[in-house]
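Asker: What follows is a single structure, and I will ask about it in a moment.
The values are calculated or read from the model by the stated rules, or taken from the named source; none is laboratory data. This one's a predicted model, so the numbers in the text were calculated from it and none came from an experiment. Reconstructed Cβ throughout: ideal geometry from the backbone, glycine too, with neighbour counts over all protein chains shown.
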Amino acid sequence: MNALLRLAAAIDAMNDRLGTVANGMVLAACLISAGNAMMRYAFDLSSNAWLEVQWYLFAGVVMLGASQTLRLNEHVRVDITYMLLPERGREWLDLAGTALFLVPSMLVIAWLSWPFFLQSWSIQEMSTNAGGLLRWPVKLLLPAGFVLVALQGVSEIIKRAAALRGDVRFDSRYERPLQ
């Protein structure tokens with residue numbers, strides 16, 4: 001179990017770093033958006049490439065940040081039943097849901113999105129907009145992002161199993177979003 005917990009810690013660390021990258025992408029997208037608007041209105045200069053970079057950054061935020069969101073236990077869940085369960089019940093529910101639904105579905109989506117990327121890469125697909133960018137880098141984010149969520153799911157399975165065995169203490173607390 002110790003080797004598996006080290007693997008889970010490595011996956012957590014990788015997704016933590018990628019979450020930091022995703023946070024930086026939010027700032028970059030805001031700065032590019034503001035700079036592009038200023039250039040357009042102040043100097044009548046603009047480029048479709050700057051708009052597309054913003055879209056690509058947003059895609060990066062979502063696809064690279066999803067695994068970190070899972071790691072932090074911040075994904076939306078059906079909390080009506082989850083909040084009523086004792087801690088051990090929440091750990092079992094997380095383990096079963098992640099193993100039976102999350103990891104398989106993420107891997108299927110990654111598998112299905114891979115040809116979408118490969119086709120774009122093989123033809124070096126470009127945006128049809130004037131001054132547009134290559135499309136394949138952003139399309140690579142699809143399979144990569146889903147694989148990252150699946151890997152984080154494996155980490156969560158390991159941690160829940162270790163907690164159920166009594167090897168580690170795991171905080172399965174979930175804070176319900178304010179509405």
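Asker: Right, residue 46: more than 16 Å from residue 158 (Cα to Cα), modelled with pLDDT of 95 or more and among the polar types (S, T, N, Q) or not?
Answerer: no
Asker: Another one. Of all residues in segment 68-111 being at pLDDT 95 or above and small (Gly, Ala, Ser), which is nearest to residue 170 (Cα to Cα)?
Answerer: 99
Asker: Give the residue, chosen from 51, 64, 70, that is more than 22 Å from residue 134 (Cα to Cα) and in contact (Cβ under 8 Å) with a residue 12 or more places away in the chain.
Answerer: 70
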